[in-house]
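The values are calculated or read from the model by the stated rules, or taken from the named source; none is laboratory data. Because the structure is predicted, anything quoted here is derived from the model rather than measured. All Cβ positions, even for glycine, are placed from backbone atoms using ideal geometry, and neighbour counts span all protein chains on display.
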Amino acid sequence: MRLLSAFERLLAEAKPAFAQERTFEHVRQFAYGFIAAWGRRTISRAICACNAQFEDWSASYRLFSRSPWEPNDVFQPILKSCLVYSPKEQLLVVALDDTSLKKTGKRIPGVSYGRDPMSPPFHVNLRRGQRYIQASAILRPEGLKGPARAIPIRFHPAPPPAKPGRKASEEELAAYKIAQKTENLSRKAVELIKGIRESVNKAECPGHTILLAVDGSYCNGTVLRNLPEKTEVIARARGDVKLYLPPSVDGSGRGRRRKYGMELPKPKDIRSSDDYPWLETPIFGAGRIHNLRHKVVPRVLWRSGTLTKPLRLIIIAPLGYRPTQKSRVLYRDPAYLLTTDLASPINTLIQAYFDRWEIEVNH
């Protein structure tokens with residue numbers, strides 16, 4: 001009964017998001033219907049789970065299409081509860097990822113063709129779907145006692161701009177090119193990140209620093225240069241990204257001051273170089289604790305990404321594993337991480353990125 005009472009408490013805290021009492025009761029009914037439904041969690045199956053299949057369905061569909069309520073207001077009590085388990089002196093780790101919901105209809109709003117995630121790597125297939133950006137707060141037990149859990153706190157539609165037809169005018173084509181730059185996935189991610197920052201401040205926790213763990217699609221200047229205050233990012237980067245050292249202090253005072261120092265070797269070359277020592281730190285992943293080997297370059301500059309904003313480069317050695325007890329040791333790919341957080345401990349940052357995998361379970 002403790003789980004049920006906690007669920008009821010979260011629903012009660014979301015009540016101010018709805019203008020009328022009957023709207024809230026309708027949402028409360030659907031909350032249980034989606035949990036009890038079998039198979040795909042569609043509106044019709046939730047109605048059947050609530051034993052209302054013989055009643056008029058129009059009010060139920062209007063609840064999701066016309067009722068003036070905001071999903072962010074419903075997520076606010078969940079985010080506030082996550083902050084209770086994240087002390088102010090610790091980072092609030094948030095995983096960010098995009099996902100596509102498979103659709104078959106051509107006229108469903110927001111539907112477009114995209115890459116099928118189930119297609120083999122040697123033959124990319126396309127499928128229709130609705131693209132969304134999801135954010136989940138990562139909650140982890142104290143120490144390294146077990147896996148973390150990803151609690152969804154945002155789920156925003158992020159459809160790509162509709163491509164004009166063959167008979168489109170020059171104005172429509174020009175507007176499409178502008179929309180490709182202003183409505184791409186990175187721009188929508190920045191809007192979502194700013195919304196999360198505002199929600200954390202609204203929850204009377206303005207001192208919390210947010211650490212966003214993202215994949216390589218968000219490792220670009222659009223995201224890293226437009227972060228709100230008290231918000232950091234750790235992202236997977238390419239192994240051949242061009243990085244520089246900060247400029248050395250020159251006391252001559254002649255000429256223009258340099259913005260970038262010496263060019264560093266590529267991260268994949270740093271990994272194989274003996275000039276940068278390997279370090280070890282305990283990390284929980286794949287059900288057990290690993291002594292993870294890594295290298296760190298404390299301050300680097302990414303000229304084509306974050307300009308003069310300093311970053312920290314973390315290189316993670318491949319982890320060895322055996323598919324069976326008698327098989328030979330295989331190795332996963334190495335990882336190259338860039339982070340805007342220059343102060344947090346390395347093990348905290350690496351653990352946050354390992355825990356990012358939990359958001360894949362929510363897809």
### Task
Could you look through the range 90-138, keep only residues that are of a type in the set (A, V, I, L, M) and farther than 26 Å from CYS205 by Cβ, and pick out the one that is surrounded by the most Cβ atoms within 10 Å (Cβ to Cβ)?
VAL111
### Condition met for ALA235 (at pLDDT 95 or above and among the small types (Gly, Ala, Ser))
yes
### Query
Could you say which residue among ARG303, ARG299, ARG356 is at negative phi and touching a Pro at 6+ places or on another chain (Cβ under 6 Å)?
ARG299
### Task
Answer yes or no: is there a residue in the range 161-174 that is more than 23 Å from TYR336 (Cβ to Cβ), touching a strand residue (DSSP E or B) at 6+ places or on another chain (Cβ under 8 Å), touching a residue at least 40 places away in the same chain (Cβ under 8 Å) and surrounded by fewer than 13 Cβ atoms within 10 Å (Cβ to Cβ).
yes
### Query
Considering only the range 18-38, how many residues are part of a loop (DSSP other than H, G, I, E, B), under 20 Å from PHE75 (Cβ atoms) and touching a helix residue (DSSP H, G or I) at 6+ places or on another chain (Cβ under 7 Å)?
1
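Matching residues to (1) closer than 30 Å to ARG128 by Cβ; (2) hydroxyl-bearing (Ser, Thr, Tyr); (3) modelled with pLDDT of 95 or more:
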| position | (1), (2), (3) |
| --- | --- |
| ALA17 | no, no, no |
| GLY39 | yes, no, no |
| SER65 | yes, yes, no |
| LYS80 | no, no, no |
| LYS88 | no, no, no |
### Query
Does ALA46 satisfy the condition of being surrounded by 14 or more Cβ atoms within 10 Å (Cβ to Cβ), in the same structural domain as ARG9 (by TED's automatic domain parsing) and assigned to a loop (DSSP other than H, G, I, E, B)?
no
### Query
Which ones in the range 109-153 are in a strand (DSSP E or B) and β-branched (Val, Ile, Thr)?
VAL111, ILE133, ILE138, ILE151, ILE153
### Conditions (1) over 26 Å from the mean Cα position of the chain (by Cα); (2) within 21 Å of ARG149 (Cβ to Cβ); number of the one not met by PHE30
(2)
### Message
Quick test of your reading of the structure: ALA95 fulfils all but one of (1) without any contact (Cβ under 8 Å) to a residue 24 or more places away in the chain; (2) in a strand (DSSP E or B); (3) under 20 Å from the mean Cα position of the chain (by Cα). Name the failing condition by number.
### Response
(1)
### Query
Could you say which residue among ARG166, ARG187 is of a type in the set (D, E, K, R) and under 26 Å from VAL200 (Cα atoms)?
ARG187
### Message
Being aliphatic (A, V, I, L, M) and either out of contact with any helix residue (DSSP H, G or I) (no Cβ under 7 Å at 6 or more places or on another chain) or in a strand (DSSP E or B) (or both) is the filter here; which residues of the range 201-226 pass it?
### Response
ILE210, LEU211, LEU212, ALA213, VAL214, LEU224
### Query
Identify, please: which residue in the range 311-363 is assigned to a loop (DSSP other than H, G, I, E, B) and among the β-branched types (Val, Ile, Thr) and is, among those, modelled with the lowest pLDDT?
VAL329
### Task
Scan the range 58-71 for residues that are surrounded by fewer than 19 Cβ atoms within 10 Å (Cβ to Cβ) and either on the phi > 0 side of the Ramachandran plot or in a helix (DSSP H, G or I) (or both) and report the count.
8
### Summary
Within the range 269-321, residues basic (Lys, Arg) and either under 19 Å from PRO246 (Cα atoms) or loosely packed, with under 14 Cβ neighbours inside 10 Å (or both) come out as ARG288, LYS295, ARG299, ARG303, LYS309, ARG312
